[in-house]
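Inspection log for the structure reproduced underneath, given as structure tokens.
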Amino acid sequence: MLDLDNTMSHQALGLTDFQVVEMYRSMVLARRVDDRMWALNRQGRVPFVVSVAGHEGTQVGAAFALDSDIDWSLPYYRDIAFNLALGLTPEDFFLSVFAKADDPASGGRQMPNHWSEPDRNIFSHSSVIATQFPHACGIGYRLKSLGSPGVVVVMSGEGATSEGDWHEAMNFAGIHKLPVIFLIQNNLYAISVPHDQEVAGSVADRAAGYGIRGIEVDGNDALAVYGVMAAAVERGRNGEGATLIEAKTYRFNAHTSDDDDKLYRTTEEVEMWRRRDPIERLRQYLIEARLLSESTEADIADEIDEVVSAAVAAAESAPDPADALSYVYANPITPQEAVTTLEEIPDGPEVNLITAVNRSLHDAMSRSRDVRVFGEDVADPKGGVFKATQGLTDEFGVERAFNAPLAESLIVGAAVGMAAAGGQPIAEIQFADFIHPAFDQIVSEAARLHYRSNGRWTCPLVIRVPYGGGIHGALYHSQSIEAFYAHVPGLKVVVPSTPADVLGLMRTAVDDPDPVMILEPKKLYRLATGPLPEDKNFMIPLGKAALRRMGDDLTIIAYGAMAHLAAEASDRLAESGIEARVLDLRSLRPLDWPSIQHAVTQTGKVLIVHEDNEFLGFGAEVAAQIGEKAFDWLVAPVQRYASPEVPAFPYAGGLETQIMPSVDGIVERATALAKY
């Protein structure tokens, strides 16, 4: 452990007398804020608090080594002292404690201590442990690619280092030599779990496995922390890569106001650590250096008490939030006009769907230098397992089209960070079946970022996902996941079924300020062909369905591969005198309800087709809305045709055929419905 207490003065660290006294002032301020916060909780004036007491040395020492004009911070919930040292005011903090409308972090939408301040490059934090680490890597990648001198510090307790996101981020930072500083505040307990049951060995020693420099420091010595932090910042600015700092410290109070720490640690242990109080340690240093007289100390205390009292009074009397419905999307879309005519066939060369994907990615990267495409196996010479990304690395360089480690949560999490820092990432998940490790990053992070920050952050990222069956992919290369993700407010989900769809939706998705998931039906990659528009301004709005066939006898509603099969089935039905209208939803969220309603009013009969399981599949939502909003127009019960109750498609061709909806199956069910 590095101990600078007896070997290096503040002058040797490059700190002025004024700066070191300001460090002390920041630490005392944080302690007073902490004390007042607990008092408010005991008085029943605030329901929940998270304590910083004991961590002030680590946090203030770290903050003083940063330049918030160029550096980024991803603090965790205990980082009160860190944020105050970066310039957040006590009133800012108490606005979050009281959950007020003017809370700069979330407008009262998140619990206290969920930091966010775009003006100081403090990225929004959620309650999910360790998701911030991939975000830090995405921000770091973006800064490095721009040639920025900025570094990124990302913080947590030692418990978070057991999470996969931490290890995935450490690996990515090591691979790319990112300017990221992992500051782990090891206070010996992950809530109640002691260090020896949480961490095997030393946190700092793990750095070597990722090619990163690791160092331990006495977290109760603010000057020592400043020293190692300043060195890590310099390494990052000089392009020498990431640093892992393990600061050994201790929290004096319970984990939160909902925790009883007497259940898992003794009073004697706590008192032993209180004798190592980081504030008292710096105070003694200042006294010995003749920088803190009794009068100066008293003045600081009086000034801080006045500031904290005023902050509490102002925050408590501030207006409460009243609007819980805003900022779900940065670009909310509510379709208004129904599609009543057939989708126009654009001019352009005939290509298949996978070629359209490839050319659309080339188009996106040509249109904006902020676009980055990455995922597993995407770089040349392979260019993706389906060749969707072939040629991107050769044309745009390995910095813009690159391979990611086999780590889906890292892929999406890094994309969140890139988007926060002004990028336009396009992340590829190789198969929909493998997206599940990224569920937290998609649902808890990307989809909720705009809402939880009260509209102050956007998340303009695209997630490309090949999905569905029909390629003998068996149980783990055939899944349909749209019902999971279309359920999530804040996320947009689209499913192209033609080459023109791919290009038009890709352009719109890349330009949209919200996260957009593009589900690409693998069965259509080489089966579906059509013109690829040459018009440089061709775009398809999100939330706009496509009418593929006209008909008055019934409506078939489908999307993806099933839209393609439904169009073929409609042609066959016409041969027997049944005119089936085919509405390709194309956009699941936002959903084009006006076009659905119009189709229902024209035919009165609806067959919904999708390849996901029927039970709680996306078709159930469409059917429910029809029943709720267009019941009077129905002349027959809404019918669904989807996969039966099996986990996913089997491998054997004959078994897959039994499960997957087919043209014959659509014709059979549509015929029966038409005769109802």
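If the condition is being assigned to a loop (DSSP other than H, G, I, E, B), polar (S, T, N, Q) and within 25 Å of the chain's Cα centre (by Cα), then segment 57-112 contributes S68, S106, Q110. Among the conditions (1) open to solvent by less than 10 Å² (accessible area, probe 1.4 Å); (2) among the hydrophobic types (A, V, I, L, M, F, W, C); (3) not in a loop (DSSP other than H, G, I, E, B), I540 misses just one, which is (3).
Give segment 487-499 a look and list any residue that's in a helix (DSSP H, G or I) and open to solvent by 10 Å² or more (accessible area, probe 1.4 Å), or say none. Before you say what the answer is, go through the steps one by one.
Residues of segment 487-499 in a helix (DSSP H, G or I): 499.
Listed by number, the list is empty, since nothing qualifies.
Regarding segment 33-43, can at least one residue be identified that is assigned to a helix (DSSP H, G or I), open to solvent by less than 60 Å² (accessible area, probe 1.4 Å) and either over 27 Å from D260 (Cα atoms) or among the charged types (D, E, K, R) (or both)? So far as segment 33-43 goes, yes, one or more of its residues are assigned to a helix (DSSP H, G or I), open to solvent by less than 60 Å² (accessible area, probe 1.4 Å) and either over 27 Å from D260 (Cα atoms) or among the charged types (D, E, K, R) (or both). Look at segment 389-411: where a residue is farther than 24 Å from H135 by Cβ and a partner is surrounded by fewer than 23 Cβ atoms within 10 Å (Cβ to Cβ) and among the charged types (D, E, K, R), sitting 6+ places away or on another chain with Cβ atoms under 6 Å, you get T393/D380; D394/D380.
Set side by side, the residues A207, A222, A169, A200 differ, and just one is over 17 Å from P75 (Cβ atoms) and open to solvent by less than 40 Å² (accessible area, probe 1.4 Å), which is A207. For segment 85-118, residues that are surrounded by 24 or more Cβ atoms within 10 Å (Cβ to Cβ), at positive phi and hydrophobic (A, V, I, L, M, F, W, C) total 0. In segment 640-676, of all residues being charged (D, E, K, R) and not in a helix (DSSP H, G or I), the one that is least open to solvent (accessible area, probe 1.4 Å) corresponds to R640. When restricted to residues that are open to solvent by 10 Å² or more (accessible area, probe 1.4 Å) and over 14 Å from Y559 (Cα atoms), segment 594-612 contains 7. Listed by position, the helices (runs of 4 or more DSSP H) inside segment 386-456 whose residues that are modelled with pLDDT of 95 or more and touching a His at 6+ places or on another chain (Cβ under 8 Å) number at least 2 are 392-396, 408-420. Only helices (runs of 4 or more DSSP H) wholly contained in segment 257-322 count here; list those with 2 or more residues that are over 39 Å from the mean Cα position of the chain (by Cα) and in contact (Cβ under 8 Å) with a residue 40 or more places away in the chain. Helices (runs of 4 or more DSSP H) meeting the threshold: 278-288, 294-317.
When segment 444-486 is filtered for residues that are under 13 Å from the mean Cα position of the chain (by Cα) and open to solvent by 10 Å² or more (accessible area, probe 1.4 Å), the ones remaining, listed by number, are S444, R448, H450, Y451, R452, W457, T458, P460.
Does F82 satisfy being of a type in the set (F, W, Y) and open to solvent by less than 10 Å² (accessible area, probe 1.4 Å)? Walk me through it before giving the result.
Numbers: of a type in the set (F, W, Y): yes; open to solvent by less than 10 Å² (accessible area, probe 1.4 Å): yes.
Spelling it out, F82 is indeed of a type in the set (F, W, Y) and open to solvent by less than 10 Å² (accessible area, probe 1.4 Å).
D17: in contact with a His (Cβ under 8 Å, 6 or more places away or on another chain) and open to solvent by 70 Å² or more (accessible area, probe 1.4 Å), yes or no?
Working: in contact with a His (Cβ under 8 Å, 6 or more places away or on another chain): yes; open to solvent by 70 Å² or more (accessible area, probe 1.4 Å): yes.
Considered against the rule, which asks whether it is in contact with a His (Cβ under 8 Å, 6 or more places away or on another chain) and open to solvent by 70 Å² or more (accessible area, probe 1.4 Å), D17 comes out as yes.
Would you point out the residue of segment 621-639, among those that are buried (at least 19 other Cβ atoms within 10 Å of the Cβ) and within 34 Å of the chain's Cα centre (by Cα), that is nearest to K523 (Cα to Cα)? Looking at the filtered set, the residue picked out is V622.
Can we say D535 is surrounded by fewer than 24 Cβ atoms within 10 Å (Cβ to Cβ), farther than 27 Å from Y329 by Cα, acidic (D, E) and touching a Lys or Arg at 6+ places or on another chain (Cβ under 9 Å)? No.
Residue by residue, here is whether (1) touching a Cys at 6+ places or on another chain (Cβ under 8 Å); (2) assigned to a strand (DSSP E or B); (3) within 21 Å of D535 (Cα to Cα) holds:
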| position | (1), (2), (3) |
| --- | --- |
| P460 | no, no, no |
| L475 | no, no, no |
| F484 | no, no, no |
| G504 | no, no, yes |
| M517 | no, yes, no |
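Per the listing R369, R359, the residue uniquely open to solvent by 30 Å² or more (accessible area, probe 1.4 Å), of a type in the set (K, R), without any contact (Cβ under 8 Å) to a residue 60 or more places away in the chain and out of contact with any Cys (no Cβ under 9 Å at 6 or more places or on another chain) is R369. Taking the criterion of being open to solvent by 10 Å² or more (accessible area, probe 1.4 Å) and either within 17 Å of M170 (Cα to Cα) or outside any strand (DSSP E or B) (or both), the residues of segment 237-253 that qualify are R237, N238, G239, E240, N253. Kindly indicate whether any position in segment 212-221 is in a helix (DSSP H, G or I), modelled with pLDDT of 95 or more and of a type in the set (K, R). Scanning segment 212-221, I find no residue that is in a helix (DSSP H, G or I), modelled with pLDDT of 95 or more and of a type in the set (K, R), so the answer is no. Entry remark, segment 335-353: residues being within 8 Å of P594 (Cβ to Cβ) and either open to solvent by 80 Å² or more (accessible area, probe 1.4 Å) or of a type in the set (D, E, K, R) (or both) number 2 in total.
Does T529 satisfy being among the β-branched types (V, I, T), open to solvent by 10 Å² or more (accessible area, probe 1.4 Å), over 23 Å from D347 (Cα atoms) and in contact with a strand residue (DSSP E or B) (Cβ under 6 Å, 6 or more places away or on another chain)? Taking the combined requirement at face value, the residue does not satisfy it.
The values are calculated or read from the model by the stated rules, or taken from the named source; none is laboratory data. Small disclaimer: the values here were computed from a predicted structure and weren't measured. Cβ: placed from backbone, ideal geometry, glycine included. Neighbour counts: every protein chain shown. For the accessible areas, the whole protein counts, side chains as well, though only heavy atoms, and no ligand, DNA or RNA atoms are used. Shrake-Rupley method; radii C 1.70, N 1.55, O 1.52, S 1.80 Å.
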